[in-house]
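Below is one structure, written out as structure tokens; the observations come after it.
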There are 2 protein chains.
Amino acid sequence: MSKTKYTVGIDFGTESGRAVLVEVATGREVASTVYPYQHGVIDEVLPLPGKLIHLDPDWALQDPLDYIRTIQITIPAVLAETRIDPADIVGLGIDFTACTMLPVKADGTPLATLPTFRDNPHAWVKLWKHHAAQPEADRINATARKLNQSWLARYGNKISSEWFFSKTLQILDEAPEIYQAADRLLEAADWVIWQLTGEEKRNSCTAGYKAIWSKREGFPPKEYFAALDPRLENVIDEKMSHVIYPIGERAGGLTEQAAGWTGLRPGTAVAVANVDAHVAVPAVTVTEPGRMVMIMGTSICHMVLSGEEHLVPGICGYVEDGIIPGMFGYEAGQSCVGDHFAWFVENCVPAAYERQARERGLDLHQLLEEKAASLKPGESGLLALDWWNGNRSVLVDVDLTGILIGATLATKPEEIYRALIEATAFGTRVIIEAFQDHGVPVNDLVACGGLPEKNRLLMQIYADVTGREMKVTASKQTSALGAAMFGAVAAGRAAGGYDTIFEATRDMAHLKEETFKPNLASKEVYDQLYAEYLRLHDYFGRGGNDVMKTLKRIKAEVIHS
Amino acid sequence: MSKTKYTVGIDFGTESGRAVLVEVATGREVASTVYPYQHGVIDEVLPLPGKLIHLDPDWALQDPLDYIRTIQITIPAVLAETRIDPADIVGLGIDFTACTMLPVKADGTPLATLPTFRDNPHAWVKLWKHHAAQPEADRINATARKLNQSWLARYGNKISSEWFFSKTLQILDEAPEIYQAADRLLEAADWVIWQLTGEEKRNSCTAGYKAIWSKREGFPPKEYFAALDPRLENVIDEKMSHVIYPIGERAGGLTEQAAGWTGLRPGTAVAVANVDAHVAVPAVTVTEPGRMVMIMGTSICHMVLSGEEHLVPGICGYVEDGIIPGMFGYEAGQSCVGDHFAWFVENCVPAAYERQARERGLDLHQLLEEKAASLKPGESGLLALDWWNGNRSVLVDVDLTGILIGATLATKPEEIYRALIEATAFGTRVIIEAFQDHGVPVNDLVACGGLPEKNRLLMQIYADVTGREMKVTASKQTSALGAAMFGAVAAGRAAGGYDTIFEATRDMAHLKEETFKPNLASKEVYDQLYAEYLRLHDYFGRGGNDVMKTLKRIKAEVIHS
């Protein structure tokens, strides 16, 4: 009888890193530990003793050594807690925020760790939510349109300021000496794999979704980069790589040094890096077309697989092998979901409700959910456009803002709260219909993230509005589980893991038994409300009335006057 | 040297009656007393001992004896307080809510006081805000359109369910025995004058604004009433009167009985009754064209005078001699102003603000005003349509609802609060422009009511949005002062009063020295916002998108399903 085998996943998040140790045969999560990064998100001053180097607003950096510390602290902790023999741990996978990128020397040394460069903010890791590269993103988009770059359509015709070349171009613009000194520019995800295995193996997920790479066409051509900036012409050859490894491959074995950090055995299989959102897809059982995975938190990330390539207007992008090998992975997004409810609770709920919640031992979200749940669909008489933080998919317009319509003197806070939930559900339905209408079917929904645990009303509303069954992951740390699953695949069946992510998913990923099924009577009412939502969506979102932009312009003018 | 002369005004409000004793020569308010009606607004059960007669929702009644008690209690109280010789009180005027009407016998006895009828709710006074006669109002309007009644245009093409014939028709529909038993149907205002003077003298203000009467055309023709209901054909001849007395006339002298009630001398001059809103116009110094009087409270009533007759679409109506003799008095309205802010404070202001207000000894309105005042025009990035309670002028549509547009995750409660104030100011500007565009100039604004005292920010915003100087009455009880002024006019100069309301106004009405002048820089920003407001106003208010009505329809359907 073979001994129980295990695999480890590390989820590198925004504020902390989390390791989870998982049973290969079942996906059972045996232990997990969180390491809050020593320097967290660096958005005010660089963490340099005795120096005050301030960052501009919109900057967000990290310390690459925080990632190493995560490895050094969390894996030994789960080993110590479980007393599992490292010989029974067959693989290790990681997932990361993205695009989170850094400049390093040829041997992998981050410039941020070198005395010559550490005072320069551009030497540090640019975190995904570093938003200071908008001028560069604008140039990237304008130049792409000018040169008729076909790849632009893969990304809903817009490259984000968060993405790889926006950040790269900002380094070149503002700190050419850093650009010059960087032998390699790469995702922190790939840099960590390099530190674990000694091998620079770039993954197809970040390359595809964040760095304009595709399996068939590669990166944009040299002429495009030269048009952006002559110094950028050979950026791929000089500082990146044309060799991209598909998700699901083995990156290498653990080095002696990394084995020393972790307590794992040298040579333990390490998977090619992954992105936190995308790695969740198999972790919530999805490896086939027709099922939309929704990571529901402050925002929603929507992912669907398909065997076919389709241009779907207004989505974030699609990447072959980007999520599951052999499939096109499509990604869309809503920029304001949990954030929406948090804003409402903080700014719009009266003191009487706070007292009521306190007396009943509820938090305000719970009280509002309870009150809102007692309303029927359509009963509030309200309709909202969920654009408090702009619209990602399918309008791709950060300058859109929120609307609430239908308020009367009898309107209650829970009615507004419910209308906001419904608006985000209508937003999801717009995305689903965009996929459906362009050849990417969506038959059911699988949710993970913070919201599904917290708000049952929200889940039912999404089921009713979309007319689709809504399933929920059984894992509380979906991304880390997904990373661990890829660790098991990197090991292979012969070493006690799996040969494919499909097999790993079948055995290791699980959904809760309870699902949210659409109520047909509710769906009928929501169909009527959705027709009104769509009409307002198109009127305000597609140029019928640009009042939102006008208000933003006036606001900017009066603030600066 | 003649002794100082005085005049008394009684303002019959919704919850109470207030008497004020005023110096004729100066308008100085010497004393005042309030009597809260014993039965207040009767909207649940009739106040009958040992009986439970329930009222339907939307009903609002009053007890006519509460008006008599007001007279019996308040005038003796101000006399006792001031020890003024009743011989020095030259006149008495009253103002009333309207349309507030009742059925009485030929001798003036209210049916509600007769044992035969007192159990029937239709025997009681129907208060202005009795809203149960909408089906009758609909019939009145439909029939008027069918019969091409020219008078409909005088009232913005819509007769309200609050008005005289809607209420009359409801009595006929639901209680024909009461209609039958009523020898007279009349405004409570005119009934009170009858009780004071022994003479039934109907006033031109209520007749004109509430009962479809005009000086030139009289009431609608018999054929019209017959088309509504054959039993109504002779309603004017049988239960009303063709003789209507213009505002500013003497109704008669105080009877012995009324003198006994009040302590005033028999024969004291009593003015023809007036309406609380309209009587305020001279009380805030306005007796000439070009100046808009705004009574600003839960709603706004706008009044302008003109020497000329003009059809202004969407206003409430205009009446010759309705406010000032010899002038056309135009009335428009906004249905949701103070109510709007009250709704916001009750439903949308977070507990943190309540704590902050408490710590600083402010109420929430004051705190919000202070925070909102620190914002520049346009800085919130928000725009609202002030239709939380429908739109009176100029769209005349109760089924419109509120919109807030431009919300982001950074939107603060005080920004919404300010946007709501601005929206009501834009609503006033729409009304002003409707008047201007149709031949009724509006050069400056004179405000009275509860809001101007309470909210300086609001006053400045109205000045900035309308580009007009905003003046404020010096009186805290404008309507009662106006009633007292008409009392002095009823007395005439020979008796120590005035011969005309113009003279009375010159001496007795006063404004505060401080006024709110438009800030031109703010006006420029508001002009831009107003253009956006107007576009949304017309899109949602004139059929471009009927989503508000659709939401109301869906709401009604799901509530009743």
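Miscellaneous remarks
- Radius, Kirkwood style, for segment A:292-366 when every pair of distinct Cα atoms is counted (Å): 14.9
- In chain A, helical runs assigned H by DSSP with n ≥ 4 each contribute -39500 (n - 2.57); averaged across all residues and rounded to the nearest 500, the mean residue ellipticity at 222 nm is -12000 deg cm²/dmol.
- Proximity of backbone amide H atoms, modeled 1.01 Å from N, is registered between A:ILE94 and A:ILE10, A:ALA271, A:ASN274 at under 5 Å, excluding neighbours fewer than 5 places apart on the same chain.
- 3J(HN,Hα) along segment B:482-492, derived from phi through the Karplus expression 6.51 cos²θ - 1.76 cosθ + 1.60 where θ = phi - 60°, amounts to x, 4, 4, 4, 5, x, 5, 5, 4, 5, x Hz, with x in place of Gly and Pro.
- For segment A:1-143, the equivalent ellipsoid built from the Cα gyration tensor has semi-axes of 35, 17, 13 Å, listed from largest to smallest.
- Sequence of B:HIS54, B:HIS302 once ranked by neighbouring C-beta atoms within 10 Å, starting from the fewest: B:HIS54, B:HIS302
- Candidate cross-link partners of B:LYS158 among the lysines, defined by an alpha-carbon separation under 18 Å and a same-chain spacing of 8 or more, comprise B:LYS129, B:LYS146, B:LYS167, B:LYS210.
- For the protein assembly as shown, convex hull of alpha carbons as volume per residue, Å³: 199
- More than 23 angstrom apart: percent of Cα pairs within segment A:437-561: 59
- Annotation: amide H-H contacts under 5 Å for A:ASP499 (H modelled 1.01 Å from N, sequence separation of 5 or more, or interchain): A:ARG493.
- Spatial separation of Cα centroids for segment B:481-496 and segment A:508-532, in angstrom: 71
- Relative to the Cα centre, the charge distribution of segment B:1-140, modelled as +1 at Lys and Arg Cβ and -1 at Asp and Glu Cβ, gives a dipole magnitude of about 340 debye.
- Antiparallel DSSP beta bridges within the protein assembly as shown, percent to nearest 5: 70
- Structural descriptor for chain B: relative contact order 16 percent, calculated from alpha carbon pairs under 8 angstrom and at least 6 residues apart.
- For segment B:300-342, convex hull of alpha carbons as volume per residue, Å³: 61
- Tally of Lys pairs whose C-alpha atoms are under 24 Å apart, taken over segment B:378-525, 8 or more apart or cross-chain: 13
- The phi torsions of segment A:85-101, fed into the Karplus equation with coefficients 6.51, -1.76 and 1.60 and a -60° offset, translate into couplings of 5, x, 5, 8, 9, 8, x, 9, x, 10, 9, 9, 5, 7, 6, 10, 9 Hz, rounded to whole numbers, with Gly and Pro shown as x.
- Working note: Karplus 6.51/-1.76/1.60 with θ = phi - 60° gives segment B:50-66 the couplings x, 10, 10, 10, 7, 9, 5, x, 6, 7, 8, 10, 9, 9, x, 5, 4 Hz, where Gly and Pro are set to x.
- Beta bridge orientation in chain A: antiparallel %, DSSP, nearest 5: 70
- Kirkwood hydrodynamic radius of segment A:221-304, Cα pairs, Å: 16.6
- Rounded to 5, percent antiparallel among DSSP beta bridges of segment B:275-349: 100
- Plainly put, chain A has a radius of gyration that is 0.97 times its Kirkwood radius, both from alpha-carbon atoms, as the Rg/Rh ratio.
- P(r) histogram, all alpha-carbon pairs of segment A:328-433 included - 5 Å bins from 0, percent: 2, 12, 21, 22, 18, 12, 7, 4, 1, 0, 0
Every number here is computed from the coordinates shown, using simple stated rules; none is lab data. Here the structure is a predicted model, which is why all the values come from computation and not from measurement. Positions of Cβ are generated from backbone atoms using ideal geometry, with glycine treated the same way; all protein chains shown enter the neighbour counts.
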